[in-house]
Ligand code: ZN
């Protein structure tokens with residue numbers, strides 16, 4: 001991951017470029033509505049205080065395409081820098097494990113997958129989801145650009161090739177492994193700069209009757225719950241159903257079904273078929289797009305209002321932390337997820353207000369958070385160091401976190417949790 005990358009490598013001139021056209025419709029009608037940066041890369045944890053002064057920072061601004069409604073970033077960081085050596089391993093949360101099990105069952109049932117059918121997952125990570133398909137007797141192939149994590153999956157017996165997925169790599173996969181009944185992309189489309197190329201690749205890999213199954217964070221939850229901290233340089237797109245439909249059309253796909261999922265703060269799962277076999281989006285999908293239009297989710301005013309709410313959240317959180325500090329309370333953070341860094345940096349939180357954070361990930365312990373420079377300490381620190389408040393940065397796992405024995409004990413002896421979003425709340 002990026003804490004194995006020299007922060008100076010991130011300053012290399014070729015590592016950053018700026019798009020001028022929309023990823024879905026190619027129009028140059030991008031309107032900026034939110035400025036969160038400049039910020040360092042959210043996963044560029046620092047190995048020593050000497051690195052504090054040489055961090056590369058890039059604009060972290062969010063745009064709406066006023067032509068097709070796709071919300072996106074225009075500042076693109078070289079994917080080799082972001083994804084070749086990656087640390088987020090999907091198999092680590094019980095919430096995600098349950099999500100994966102149900103995911104595999106739903107896809108197998110819906111597509112009636114059986115026999116020798118192949119399921120390909122793009123950005124398959126450590127193979128957690130494919131293992132659930134494997135348990136149902138399905139033949140699988142993973143495509144994972146992070147070489148370290150692809151090797152981890154292969155070690156568990158899950159066939160995985162380490163490549164970035166594209167139309168070109170898709171052709172090679174098809175000739176070597178055959179066509180796929182399902183091409184799955186779970187939380188990957190938002191990370192891809194050339195979304196059209198990616199989806200063309202998925203489409204051409206399909207067997208007759210096959211479907212592209214894409215899961216992405218949902219724009220409506222992003223806006224409604226003020227999830228601005230999910231914006232970081234890896235996340236290039238924030239999808240509405242409307243934008244997904246238009247994007248699908250542009251590459252010859254029809255959307256046949258949309259499911260909403262609670263995972264990652266609200267996600268949309270799209271099932272799409274080749275336009276040659278299914279010529280229209282399904283009526284239920286069109287109805288969802290109509291509702292988005294009625295809610296203002298496709299035009300600029302809603303997003304300008306969102307930006308105003310984001311600024312108010314920052315004011316409120318800072319006011320709370322300053323008040324706690326002034327009254328002698330000690331505050332630490334809980335977790336060191338990428339999203340936490342967007343929040344810490346946008347709000348300007350430093351060790352002055354939040355002493356440190358804790359994490360269970362051995363690769364992050366002993367580092368400092370990018371930009372905000374909070375020390376990352378072992379999770380066990382909280383058992384002995386009596387802080388008064390814990391700012392939960394991984395708020396999407398807040399229920400799971402607060403239910404654990406050490407955290408329940410913290411609460412019982414008077415400790416309090418701060419849930420930062422949508423508006424700061426002390427629990
Ligand atoms: Zn567009």
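State all residues of the range 313-323 that are loosely packed, with under 13 Cβ neighbours inside 10 Å and either in contact with a helix residue (DSSP H, G or I) (Cβ under 9 Å, 6 or more places away or on another chain) or closer than 12 Å to residue 347 by Cβ (or both); if no residue qualifies, say none.
Going through the range 313-323, the residues loosely packed, with under 13 Cβ neighbours inside 10 Å turn out to be 315, 319, 322-323.
Answer for the range 313-323, where residues must be loosely packed, with under 13 Cβ neighbours inside 10 Å and either in contact with a helix residue (DSSP H, G or I) (Cβ under 9 Å, 6 or more places away or on another chain) or closer than 12 Å to residue 347 by Cβ (or both): 315, 319, 322.
Any residue in the range 328-341 that's at positive phi: show its pairings with residues that are surrounded by fewer than 23 Cβ atoms within 10 Å (Cβ to Cβ) at Cβ separation under 6 Å, as long as the two are six or more apart or on different chains.
Listed pairs, sorted by first residue: 335/394.
Take residue 385 and tell me if it is under 25 Å from residue 48 (Cβ atoms) and over 20 Å from the mean Cα position of the chain (by Cα). Walk me through it before giving the result.
Numbers: under 25 Å from residue 48 (Cβ atoms): yes; over 20 Å from the mean Cα position of the chain (by Cα): yes.
The answer is yes for residue 385.
Quick check: anything in the range 233-251 touching a residue at least 60 places away in the same chain (Cβ under 8 Å), surrounded by 23 or more Cβ atoms within 10 Å (Cβ to Cβ), within 28 Å of residue 340 (Cβ to Cβ) and more than 16 Å from the ligand (Cβ to nearest atom)?
Yes: one or more hits.
Do we find a residue being surrounded by 14 or more Cβ atoms within 10 Å (Cβ to Cβ), assigned to a loop (DSSP other than H, G, I, E, B), modelled with pLDDT of 95 or more and under 21 Å from the mean Cα position of the chain (by Cα) anywhere in the range 393-408?
Here is the first cut: in the range 393-408, the ones surrounded by 14 or more Cβ atoms within 10 Å (Cβ to Cβ) are 393-398, 401-402, 407.
Retained after the next criterion (residues that are assigned to a loop (DSSP other than H, G, I, E, B)): 393-394.
Of the ones still in play, those that are also modelled with pLDDT of 95 or more are 393.
Subsequent filtering for residues that are under 21 Å from the mean Cα position of the chain (by Cα) retains 393.
The answer is yes; a qualifying residue exists.
Considering each residue of the range 366-379, count those that are modelled with pLDDT of 95 or more and part of a loop (DSSP other than H, G, I, E, B), and give that number. Show your work before the answer.
Initially, the range 366-379 is screened for residues modelled with pLDDT of 95 or more, giving 366-378.
Then keep just the ones that are part of a loop (DSSP other than H, G, I, E, B); that gives 366-367, 369-374.
Qualifying residue count for the region: 8.
Which ones in the range 23-43 are within 16 Å of the ligand (Cβ to nearest atom) and outside any loop (DSSP other than H, G, I, E, B)? Let's see the steps before the verdict.
Of the residues in the range 23-43, the ones within 16 Å of the ligand (Cβ to nearest atom) are 23-33.
If the condition is that a residue be within 16 Å of the ligand (Cβ to nearest atom) and outside any loop (DSSP other than H, G, I, E, B), then 30, 31, 32, 33 are the ones that fit.
Kindly indicate whether residue 46 is closer than 22 Å to residue 240 by Cα, away from the ligand (no atom under 16 Å from the Cβ), modelled with pLDDT of 90 or more and buried (at least 21 other Cβ atoms within 10 Å of the Cβ).
Working: closer than 22 Å to residue 240 by Cα: no; away from the ligand (no atom under 16 Å from the Cβ): yes; modelled with pLDDT of 90 or more: yes; buried (at least 21 other Cβ atoms within 10 Å of the Cβ): yes.
The answer is no for residue 46.
Just the residues that are outside any loop (DSSP other than H, G, I, E, B), within 13 Å of the ligand (Cβ to nearest atom) and more than 17 Å from the chain's Cα centre (by Cα), please, taken from the range 64-81. Can you show your working first?
Just the residues of the range 64-81 that are outside any loop (DSSP other than H, G, I, E, B), to begin with: 64-65, 71-72, 75-77, 79-81.
Restricting the remaining residues to those that are within 13 Å of the ligand (Cβ to nearest atom) gives 64-65, 71-72.
If the condition is that a residue be outside any loop (DSSP other than H, G, I, E, B), within 13 Å of the ligand (Cβ to nearest atom) and more than 17 Å from the chain's Cα centre (by Cα), then 64, 65 are the ones that fit.
What about residue 17, is it touching a strand residue (DSSP E or B) at 6+ places or on another chain (Cβ under 8 Å), away from the ligand (no atom under 16 Å from the Cβ) and modelled with pLDDT under 95?
Numbers: touching a strand residue (DSSP E or B) at 6+ places or on another chain (Cβ under 8 Å): yes; away from the ligand (no atom under 16 Å from the Cβ): yes; modelled with pLDDT under 95: yes.
So residue 17 fits the description; yes.
Scan the range 20-43 and report the pairs whose first residue is within 14 Å of residue 231 (Cβ to Cβ) and without any contact (Cβ under 8 Å) to a residue 24 or more places away in the chain and whose second residue is part of a loop (DSSP other than H, G, I, E, B) and more than 8 Å from the ligand (Cβ to nearest atom), with Cβ atoms within less than 6 Å and a gap of 6+ or a chain change.
Correct list of pairs: 38/57; 38/59.
Residue 163 - would you say it is over 16 Å from residue 256 (Cβ atoms), surrounded by fewer than 22 Cβ atoms within 10 Å (Cβ to Cβ) and in contact with a helix residue (DSSP H, G or I) (Cβ under 6 Å, 6 or more places away or on another chain)? So that I can check it myself, show each step before the final result.
On the way: over 16 Å from residue 256 (Cβ atoms): yes; surrounded by fewer than 22 Cβ atoms within 10 Å (Cβ to Cβ): yes; in contact with a helix residue (DSSP H, G or I) (Cβ under 6 Å, 6 or more places away or on another chain): yes.
In short, yes.
The values are calculated or read from the model by the stated rules, or taken from the named source; none is laboratory data. Just so it is clear, the model here is predicted, and its values are computed rather than measured. Cβ coordinates were reconstructed from backbone atoms using ideal geometry, including for glycine residues, and neighbour counts include every protein chain displayed.
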